[in-house]
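Report on the following structure.
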Amino acid sequence: DPYRVLGVGRSSSQADIKKAYKRLAREWHPDKNKDPGAEDRFIQISKAYEILSNEEKRANFDRYGDAGESQVYHQHQHRQFHHFHEGFYFDESFFHFPFNSERRDTSDEKYLLHFSHYINEIVPDSFKKPYLIKITSDWCFSCIHIEPVWKEVAQELEALGVGIGVVHAGYERRLAHHLGAHSTPSLLGLINGKVTFFHNAVVRENLRQFVENLLPGNLVEKITDKNYVRFLSNWKKENKPHVLLFDHMPVVPLLYKLTAFAYRDYLSFGYVYVGLRGTEELSSQYNINVYTPTMMIFKEHINKPADVVQARDMRKQLIDDFLSQNKFLVVARLTNQRLFQELCPVKKSHRQRKHCVVLLTGEGEKFAEAYEAFLSFAVANTKDTLKFVHIYNDRQPEFADALLMDDEKYRGKSAVVILERRNNAGKISYKTLEEAWQGSKEDSFILLDLLDQLRTDPGLLSLETVLADLNDELAPMFLIRWFYSTLDYISDCWDSLFHSNWREMMPLLSLLFSALFILFGTVIVQAFSDSSDTRDSPPSEKEETATKTEKNDTSFSKESNSRIPKRGFVEVTELTDINYNSNLVRLRPGHINVVLILSNSTKTVLLQKFALEVYTFTGSSSLHFSFLSLDKHREWLEYLLEFAQDAAPIPNQYDKHFLERDYTGYVLALNGHKKYFCLFKPHRSGDEGALGEDYDSSLHTEARGKSSCSPGSRSIKNKLHKLSFWLERLLEGSLQRFYIPSWPALD
């Protein structure tokens, strides 16, 4: 009853319901309330609020005693049925299906997950054991179909150490969406925080194989007579005890793989199939009973196991108890901060004092004798309140310097320090043996005497210091971590592609197609741009009447006058031999220098008219404006025009007046990068040549049947008439281009 769960009456308002829900949710939230039943209570509170906060569900509950749609459906069908068949009656229980949440199988209740529980507990725990999670919902026929198999497999795998979870998509939509489950039923595995969906038939063998495939493939090494010595000898390199399981099964049991995954940070695992030829020497050396599963753990000495357990039925609890007592070497090497914190925990009270005896030594044969003596001392004096560890000075220099303070008498020698951690910030109290540790009997007696005094006098550790965190010596290199992360990501994408959860794949596909679109779009645009650069525009002539020409001239004159700049100015620089390279030869790709040709006598008038014509184009960052003095550089201009390379040469360059031609008023658009230029020639009355590709049509006197006009007969100011139209066509790319092999020097 949701009213009873929230403690409100049937006439309570939404504000009262919401207030009661917030109070109870804070009280019973699993993260704050450690009561074993807090999670179930919190789920009941959430369900009750979901019903009462929805007016439709609340009305259904008040009317039928059920908040779901099942009662509405039954009532609707009941009325419709009686409408056609007044003489019949069926008990509703005849149509009972266990779809509704109130009638669900209670075996799933203990596995139910909610979002905060999943994020805060399940995901971190997935680094110790894999999880098998079922996504279910009400009114799900397929969920009922797989229920018997699920119940059997969940019970079996849970006993082996697999975590089991159930997500009800109706009540935990946020969690279902977070997991990527968009349909029910869905089965998925969770390991190391990574979600993998199950895509095969729901049978016991497939589910067991699915869980086994979630585990890394290198957890357990197959051991024979040929490689057992190498395997057990790796204890020093890996800084871990090594575990051997002897069994008569040809494949490694799933229980053993799950155990290896849970303890992979502490132990290395090997499996010996005793029925295989090539393991006789191994079984004989350690007196193995081939008919009983045997687990041995080896530490610093590979000839004799440190601990052994035998049982016909190796259960998870037995293995956990055995391994948890043998997680560390007798004298473990401190290779990272986590190991230091576990072996040397912080003092919690005077009765729970734990001291660490640290051997600060070096690598190599020089320090072997001192280490062996320390190991023998540790084996003989191991207690619950004492932990023996060692550390390499050259690998953890900050740790060694903080304890030895760079004392000369310890340089190049081993030293022993007794310490006690005071807090998690690195503060310790300690005492260092007065002399360097040589491993002699005298050194052992001195150390034993100090440890005996420490039992009765904790103040013996009189020195204090703060230690920095230890370096992680066994951490993989950044490139290796990046490589494996990339492989995991590619594997995830590949798996998602073939077992398509397309909703999750949409962002990746969108990114992929966007990149391809941009790439091909850029290539196509570049191809068209290059083709337009290399093609010549065909010559065209516009036949217009004289009246139309006069109108155009008149209208354009008005436009020119209206474009007189009132603010700002046009920057026009002179093209000289000093700035020639920067303004032309080395001009950036896509940039064009528009150069006006003038003489000293026409300089002022032409520059004023040029500024008026080009003012509207000064906003383009790709256009630069310059002028060239004809009196100084006439040879450069004639050289440029004479040797212009193009399939359609500039017309009328080789007539009899070539050396006498007046070039004032000519405008060149120079593209320094692609080595071409476009040419504007002064406008003549009734001539449209300055706008088309035939720039000097006034000189075609024979072809047009018109009389030529001498340069001196037209106004200097009108030479740049319609230059703005020409510039528009320049920007459109429709002007004829004249290519040259290289730019001549400007002397």
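The values are calculated or read from the model by the stated rules, or taken from the named source; none is laboratory data. In this text the structure is predicted, and so the values were computed from the model without any measurement. Here Cβ is always computed from backbone atoms with ideal geometry, including for glycine, and neighbour counts include all displayed protein chains. Accessible surface areas use protein heavy atoms only, side chains included; no ligands, DNA or RNA. Shrake-Rupley method; radii C 1.70, N 1.55, O 1.52, S 1.80 Å.
Here are some notes:
- The lone exception for Val290 - which of (1) of a type in the set (A, V, I, L, M, F, W, C); (2) over 33 Å from the mean Cα position of the chain (by Cα); (3) crowded, with 17+ Cβ neighbours inside 10 Å it fails: (3)
- Within region 397-411, being open to solvent by less than 60 Å² (accessible area, probe 1.4 Å) and among the aliphatic types (A, V, I, L, M) holds for Ala400, Ala402, Leu403, Leu404.
- Counted residues, region 125-153 - those being over 18 Å from Tyr256 (Cα atoms), touching a strand residue (DSSP E or B) at 6+ places or on another chain (Cβ under 7 Å) and either among the charged types (D, E, K, R) or part of a helix (DSSP H, G or I) (or both): 4
- Screening Ala436 on (1) without any contact (Cβ under 8 Å) to a residue 40 or more places away in the chain; (2) among the hydrophobic types (A, V, I, L, M, F, W, C); (3) touching a Cys at 6+ places or on another chain (Cβ under 9 Å) shows it passes everything except condition (3).
- Scan of region 345-361 for residues that are within 45 Å of the chain's Cα centre (by Cα) and modelled with pLDDT under 90, ordered by number: Pro345, Val346, Lys347, Lys348, Ser349, Gln352, Arg353, Lys354, His355
- Restricting Asp62, Asp35 to those that are within 17 Å of Leu112 (Cα to Cα), at pLDDT below 85 and out of contact with any helix residue (DSSP H, G or I) (no Cβ under 6 Å at 6 or more places or on another chain) reduces the list to Asp35.
- Flag for Pro253 being over 29 Å from Thr335 (Cα atoms) and open to solvent by 20 Å² or more (accessible area, probe 1.4 Å): yes
- Test: residue in region 626-638 that is closer than 18 Å to Lys681 by Cβ, open to solvent by 60 Å² or more (accessible area, probe 1.4 Å) and in a helix (DSSP H, G or I): yes
- Yes/no for Gln341 being closer than 26 Å to Ser376 by Cα and in contact with a Leu (Cβ under 7 Å, 6 or more places away or on another chain): no
- Residues that are modelled with pLDDT under 85, open to solvent by 30 Å² or more (accessible area, probe 1.4 Å) and not assigned by the TED database to the domain that holds Glu172 do not occur anywhere in region 14-22.
- Where a residue in region 111-128 is closer than 23 Å to Pro216 by Cα and its partner, wherever it lies, is crowded, with 16+ Cβ neighbours inside 10 Å, with Cβ under 6 Å and at least six apart: Tyr118/Leu175; Ser126/Leu190; Ser126/Ile191; Lys128/Ala262
- Residues of region 177-212 classified as in a strand (DSSP E or B) and free of Cβ contacts under 8 Å to residues at least 40 places away in the same chain, total: 1
- Residue in region 386-396 that is open to solvent by less than 40 Å² (accessible area, probe 1.4 Å) and of a type in the set (Val, Ile, Thr) present: yes
- Among the residues of this structure, Asn239 counts as one that is at positive phi and either under 31 Å from the mean Cα position of the chain (by Cα) or at pLDDT below 95 (or both).
- Meets criteria (within 18 Å of His248 (Cβ to Cβ), open to solvent by 20 Å² or more (accessible area, probe 1.4 Å) and either touching a helix residue (DSSP H, G or I) at 6+ places or on another chain (Cβ under 8 Å) or modelled with pLDDT of 90 or more (or both)) for Val330: no
- Conditions (1) buried (at least 16 other Cβ atoms within 10 Å of the Cβ); (2) assigned to a loop (DSSP other than H, G, I, E, B); (3) modelled with pLDDT of 50 or more: number failed by Asp687: (3)
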